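Asks: Structure incoming, see below.
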Amino acid sequence: MDPVTASLEAVLQRHAAVPPRGVVADYIPELACADPDDFAVAMASVHGSVYRAGDHEREFTIQSVSKPFVYALALADLGLDEVAEHVGFEPSGEPFNAISLEPGTGRPANPLINAGAIVTTSLIPGDAAQSFERIRAGLSAFAGRELELNEAVYRSEAATGDRNRALGFLTLSQGVLARPAEEACDIYFRQCSLMVTVADLAVMAGTLARGGVNPLTRTAVVDPEVAKIALSVMATCGMYDRSGEWMVRVGLPAKSGVGGGIAAVLPGEFGLGVYSPPLDAQGNSVRAMAVLQEMSSRLGLHVF
Ligand code: DON
């Protein structure tokens, strides 16, 4: 075994020995089917090497880890000024499902909580089918392979997503949602239900680490300027109301999802993906955060 894989195996083993705190998400009923013991980590270097350990073949839904990548696609399609008319870029310090309207503008302040992400998704051009396909193809380009929809999770989220629909209607009433609320939410539910592995998350993060060029396919998915903005919002907003503490303690731009995944980036060097379903009260994977915190402190990864 090569030394990088060996060190990934070792960090997983150390954390697997600690009983997982946290609870698997069940507000989207289908997510409750996840195995709480699944645990995996992957690293993708900007030069195209990918290292994996643990249950790395397990697929799970991307959920909110999709948000900075779709934000990047919106920036690529529309530019920052137009996107910023609809959604801000402030770390609102609010929970992921907060009712978020910036005083004065009516925009959701934070692009990585649900309200801001639904507005961002609504901006991706085309009719509903074209818009979802642009998102699916765009996230696939970040991952370097074709990502597919998990129909069961999509149906489960669509059946229970009334709070997100409320956020959709609220932002529509403020004039910042770019398409009908039900349609925007349906595209967003599909986006969240795309299936990934930890290696996919690592390669997606590695693409941002390499300034928007996928390290495996060498395709320029977004411009370096767009990758820089996506990393900036991950650094300030990626972990919801733990974003400040995360930046202090771990110091890597990152994004979590209620499926149990976290993607993290060391700019210019590599992307990391970690997967473990039990979540803390903020909706962030407890073990994935612990693994990233340990790697950051042992390897000196803090960007500052
Ligand atoms: O909209 C939702 O509630 C989910 N599809 C995604 C939320 C999420 O992943 C929050 N993350 N930690």
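Asks: Of all residues in region 101-121 being in contact with a Cys (Cβ under 9 Å, 6 or more places away or on another chain) and polar (S, T, N, Q), which is modelled with the highest pLDDT?
Replies: Per the stated criteria, the residue is Thr121.
Asks: Do we have any residue at all in region 176-185 that's in a helix (DSSP H, G or I) and either of a type in the set (Val, Ile, Thr) or in contact with a Cys (Cβ under 8 Å, 6 or more places away or on another chain) (or both)? Show your work before the answer.
Replies: Our first condition is that a residue be in a helix (DSSP H, G or I); within region 176-185, this holds for 181-185.
Filter again for either of a type in the set (Val, Ile, Thr) or in contact with a Cys (Cβ under 8 Å, 6 or more places away or on another chain) (or both), leaving none.
Within region 176-185, not a single residue is in a helix (DSSP H, G or I) and either of a type in the set (Val, Ile, Thr) or in contact with a Cys (Cβ under 8 Å, 6 or more places away or on another chain) (or both).
Asks: Could you please let me know if Met239 is within 12 Å of the ligand (Cβ to nearest atom) and closer than 21 Å to Phe39 by Cβ?
Replies: So Met239 passes the test.
Asks: Follow-up question, since we're still on this one. Name the residues in region 83-95 that are touching a residue at least 60 places away in the same chain (Cβ under 8 Å) and either part of a loop (DSSP other than H, G, I, E, B) or crowded, with 18+ Cβ neighbours inside 10 Å (or both), would you? If you could, list the steps in order and put the result at the bottom.
Replies: Of the residues in region 83-95, the ones touching a residue at least 60 places away in the same chain (Cβ under 8 Å) are 85-87, 89-95.
Listed by number, the residues that qualify are His86, Val87, Phe89, Glu90, Pro91, Ser92, Gly93, Glu94, Pro95.
Asks: Starting from residues that are within 11 Å of the ligand (Cβ to nearest atom) and assigned to a helix (DSSP H, G or I), keep the ones in region 41-68 and report whichever is farthest from Val83 (Cα to Cα).
Replies: For region 41-68, the residue satisfying everything is Gln63.
Asks: Inside region 258-285, can you point out the residues that are within 11 Å of the ligand (Cβ to nearest atom) and under 16 Å from Ala199 (Cβ atoms)?
Replies: Gly259, Gly260, Gly261, Ile262
Asks: For the condition buried (at least 17 other Cβ atoms within 10 Å of the Cβ), farther than 22 Å from Glu59 by Cα, of a type in the set (A, V, I, L, M, F, W, C) and more than 16 Å from the ligand (Cβ to nearest atom), what is the one hit in Ala209, Ala184, Ala202?
Replies: Values: Ala184 fails: more than 16 Å from the ligand (Cβ to nearest atom); Ala202 fails: farther than 22 Å from Glu59 by Cα.
One residue alone meets the criteria, Ala209.
Asks: For region 219-233, does any single residue satisfy the condition of being surrounded by 24 or more Cβ atoms within 10 Å (Cβ to Cβ), within 15 Å of the ligand (Cβ to nearest atom) and in contact (Cβ under 8 Å) with a residue 12 or more places away in the chain?
Replies: yes
Asks: Could I ask something else about it? Could you go through region 96-107 and let me know if any residue there is surrounded by fewer than 19 Cβ atoms within 10 Å (Cβ to Cβ) and within 16 Å of the ligand (Cβ to nearest atom).
Replies: The answer is yes; a qualifying residue exists.
Asks: Can you tell me which residue among Leu78, Leu73 is closer than 21 Å to Ile229 by Cα, surrounded by fewer than 24 Cβ atoms within 10 Å (Cβ to Cβ) and either of a type in the set (D, E, K, R) or in contact (Cβ under 8 Å) with a residue 24 or more places away in the chain (or both)? So that I can check it myself, show each step before the final result.
Replies: Numbers: Leu73 fails: surrounded by fewer than 24 Cβ atoms within 10 Å (Cβ to Cβ).
The unique qualifying residue is Leu78.
Asks: If I go through region 130-171 residue by residue, how many of them are of a type in the set (Lys, Arg), within 14 Å of the ligand (Cβ to nearest atom) and free of Cβ contacts under 8 Å to residues at least 60 places away in the same chain?
Replies: Filtering region 130-171 down to residues of a type in the set (Lys, Arg) leaves 134, 136, 145, 155, 163, 165.
Now drop any that are not within 14 Å of the ligand (Cβ to nearest atom), which leaves 155, 163, 165.
With free of Cβ contacts under 8 Å to residues at least 60 places away in the same chain added as a condition, the list becomes 165.
Residues flagged as of a type in the set (Lys, Arg), within 14 Å of the ligand (Cβ to nearest atom) and free of Cβ contacts under 8 Å to residues at least 60 places away in the same chain within region 130-171 amount to 1.
Asks: What residue, of Gly144, Gly126, Gly212, Gly168, is over 15 Å from the mean Cα position of the chain (by Cα) and assigned by TED's automatic domain parsing to the domain that holds Gly260?
Replies: Numbers: Gly144 fails: assigned by TED's automatic domain parsing to the domain that holds Gly260; Gly126 fails: assigned by TED's automatic domain parsing to the domain that holds Gly260; Gly168 fails: assigned by TED's automatic domain parsing to the domain that holds Gly260.
Within the list Gly144, Gly126, Gly212, Gly168, the selection yields Gly212.
Asks: For region 189-210, indicate whether the set of residues that are among the small types (Gly, Ala, Ser), modelled with pLDDT under 95 and farther than 20 Å from Leu75 by Cβ is non-empty. Before you say what the answer is, go through the steps one by one.
Replies: Within region 189-210, the first condition is being among the small types (Gly, Ala, Ser), and the residues that meet it are 193, 199, 202, 205-206, 209.
When the remaining residues are screened for being modelled with pLDDT under 95, the result is none.
Within region 189-210 (the criterion being among the small types (Gly, Ala, Ser), modelled with pLDDT under 95 and farther than 20 Å from Leu75 by Cβ), the answer is no, since none of the residues qualifies.
The values are calculated or read from the model by the stated rules, or taken from the named source; none is laboratory data. The structure displayed is predicted, hence computed values, not measured ones. Here the Cβ is made from the backbone with ideal geometry for all residues, glycine too, and neighbour counts use every protein chain on show.
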